[in-house]
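What follows is a single structure, written as structure tokens, with notes after it.
FYI, it's all coordinate maths here, none of it is from the lab. Being a predicted model, the structure only gives us computed values, none of them experimental. Glycine gets a Cβ as well: all are built from the backbone with ideal geometry, and neighbour counts include every protein chain shown.
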Amino acid sequence: MIQRLTAREILDSRGRPTVEASCLLTSGAIGTASVPSGASTGTAEAMELRDGDASRYGGLGCLRAVGNVVGPIAQAICGRPFETQADLDAELIALDGTLNKARLGANAILAVSLAFARARAAERGLPLYRHLALELGVPVRTLPRLTINLFSGGKHAGGQVCIQDVLIVPTARTIDEGLATAFAVYQAAVALTRRKYAARALTADEGGLAPPFSTTEAMLEDAVEAITAAGLQPGRDVALAVDVASTHFYADGRYALDGQALDSQGMIRVLAEWCRRYPIVSLEDGLAEEDWEHWPWLRDALGPGVLVVGDDLLCTNTARVRRAAAAGAATGLLLKVNQVGSLTEAADAYRAAREAGWQVTVSARSGETEDSWLADLSVGWGGDQIKVGSITHSERLAKYNRLLAIEKETGLPVVAWPGRR
Ligand code: 2PG
Ligand code: MG
């Protein structure tokens with residue numbers, strides 16, 4: 001039974017307020033968790049409640065969301081038994097009563113949802129990943145493959161190039177080795193940045209390097225060069241994943257890519273050419289969230305060797321995942337729990353993705369905290385990939401360090417890459 005809920009405003013990795021909540025059960029078990037926040041958000045995301053008081057944190061304060069946790073949410077759920085996560089989340093969703101959590105705030109609701117999961121795990125004497133696996137009804141068999149941010153542009157780096165992130169994907173079968181590989185490539189990229197761009201290794205929101213690339217292709221070319229400079233073989237030791245985040249440079253049916261105004265077919269041709277020339281195994285938001293009709297074309301053009309991942313397109317929303325699956329629009333879900341605002345709804349989207357035979361990439365946000373629950377979630381739910389950001393900045397490393405601990409504790413292998421067929 002939930003005895004007490006507390007909450008506070010804390011700051012995320014961009015110095016913006018977010019919500020942290022603690023949940024005390026009558027057994028004495030306690031759980032605390034905090035919620036992340038995105039910059040390149042999809043329009044179908046659940047609503048983060050912000051104070052809107054321009055004199056404080058530019059209106060981004062979360063005191064109202066905190067007030068909702070300790071006020072109406074605490075009143076409704078304290079003293080009541082909730083057997084499962086689904087029971088609690090259903091109550092929170094009903095209490096909010098809106099489709100997008102606009103009343104109480106997805107940030108308030110998710111903080112409680114996560115804190116409850118932690119408290120229940122503590123009560124059962126289980127690591128969080130085991131508890132999450134039991135709640136979902138899946139076995140814990142593997143660790144996720146790492147996809148690690150190397151270069152950034154777009155909304156994460158002041159827009160010096162339009163696409164958002166180029167990530168490296170070590171093919172190593174352990175987290176330990178994957179991280180060591182990522183470090184080597186990152187250091188090679190730091191040296192490349194200095195040499196080619198006479199630039200210091202300044203980092204973007206998720207720790208990716210952000211030199212002034214002349215074009216998007218230069219960014220991909222440099223990623224391959226960094227892999228080679230680290231003594232590794234592109235495509236064999238390290239592949240690439242790209243978050244195009246194209247919603248954010250799309251308007252009136254045109255993609256504003258490197259000075260061109262491409263229609264959807266033109267954009268698909270460019271993306272297919274990248275996948276032909278570079279060792280890309282995963283392409284996220286290649287097309288915009290409203291460009292639904294062309295996503296199946298993209299999927300066909302890329303073929304089975306490249307994962308076609310929907311982020312803004314899907315917003316971790318079950319109905320959108322089902323629609324995309326029926327249309328043949330994607331082959332992978334980017335799962336961000338705060339896009340939908342509760343663990344249970346994210347689990348529903350996860351199940352819908354699995355029913356469609358898709359892969360799942362469990363993802364952090366560009367605004368993160370030092371909380372590491374995402375690492376547990378990625379293992380507990382059996383995610384194929386995890387996307388956390390770069391191998392710098394402690395809010396990112398908290399997740400990698402947690403994965404290292406889980407790896408030590410379980411000895412589980414990383415899911416093997418199917419390879420490019
Ligand atoms: C994304 C995420 C993480 P944001 O687009 O996939 O990289 O960014 O949290 O800004 O939406
Ligand atoms: Mg994205």
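Annotations
- Low-density loop cleavage sites - trypsin sites (Lys or Arg not before Pro) in the range 205-270, where at most 14 other Cβ are within 10 Å (DSSP): 236
- Of all DSSP beta bridges in the range 145-410, antiparallel share, percent nearest 5: 40
- Cα gyration tensor shape of the range 1-151, rounded if a/c is under 1.5, else prolate or oblate by comparing a/b with b/c: oblate
- The range 145-410 shape via C-alpha gyration tensor axes, a/c threshold 1.5: oblate
- Cβ-based net charge around residue 270, under 12 Å, with every Lys or Arg adding one and every Asp or Glu removing one: -1
- Estimated from the Cβ-Cβ distance and a Förster radius of 51 angstrom, the FRET efficiency linking residue 43 and residue 176 is about 0.85.
- Charges were assigned to the Cβ only: +1 to each Lys and Arg, -1 to each Asp and Glu. The resulting dipole of the chain about its Cα centre is roughly 640 debye.
- Taking other Cβ atoms within 10 Å as a rough exposure proxy, 336, 387, 408 sort from fewest to most as 408, 336, 387.
- Calculated from backbone phi, Karplus (6.51, -1.76, 1.60) coupling profile of the range 62-72 in Hz, x at Gly/Pro: 10, 5, 5, 5, 4, x, 5, 5, 7, x, x
- Estimated vicinal HN-Hα couplings, Hz - the range 202-215 in sequence order (Karplus 6.51, -1.76, 1.60; Gly, Pro = x): 7, 10, 8, 3, 9, x, x, 7, 9, x, x, 4, 6, 9
- Euclidean distance of C-alpha centroids, the range 140-158 and the range 249-269, integer Å: 24
- For the chain, relative contact order (Cα pairs under 8 Å, six or more residues apart, normalised by length) works out to 20 percent.
- GNM flexibility winner over the chain from 333, 110, 404 (Cα, springs under 10 Å): 404
- Multiplying the residue separation of residue 80 and residue 236 by 0.36 nm and removing their Cα-Cα distance gives an extension gain of 50.8 nm.
- If you take all other residues with their beta carbon under 9 Å from the beta carbon of residue 193, and give Lys and Arg +1 and Asp and Glu -1, the sum is +3.
- Using alpha-carbon coordinates, inclination of helix 394-410 to the longest axis of the chain, degrees: 80
- Unit charges on C-beta of K, R, D, E only; dipole of the range 126-181, Debye: 100
- Each Lys or Arg adds one and each Asp or Glu takes one away; over the other residues whose Cβ falls under 9 Å from the Cβ of residue 63, this sums to -1.
- Fewest-first sequence of 155, 196 by Cβ atoms within 10 Å of each Cβ: 196, 155
- Taking amide H positions as modeled 1.01 Å from N, with prolines and chain starts lacking one, the residues under 5 Å from residue 46 and 5 or more places away or on another chain are 340.
- Axis angle, to the nearest 10 degrees, between helix 343-355 and the longest C-alpha principal axis of the chain: 50 degrees.
- Dipole check for the range 93-223: with +1 at the C-beta of Lys and Arg, -1 at the C-beta of Asp and Glu, and the Cα centre as origin, the magnitude is about 280 Debye.
- Backbone geometry of the range 255-264 corresponds, through the Karplus equation with coefficients 6.51, -1.76 and 1.60 at θ = phi - 60°, to 3J(HN,Hα) couplings of 9, 8, 10, 6, x, 9, 10, 8, 7, 4 Hz, x marking Gly and Pro.
- Footprinting exposure proxy for 267, 1 (fewest neighbouring C-beta atoms within 10 Å first): 1, 267
- Annotated for the chain: lysine pairs at least 8 residues apart or interchain, Cα distance under 16 Å, count 5.
- Spatial separation of Cα centroids for the range 1-39 and the range 181-207, in angstrom: 34
- Within a Gaussian network of the chain (alpha carbon springs, distance under 10 Å), most fluctuating of 50, 195, 118: 195
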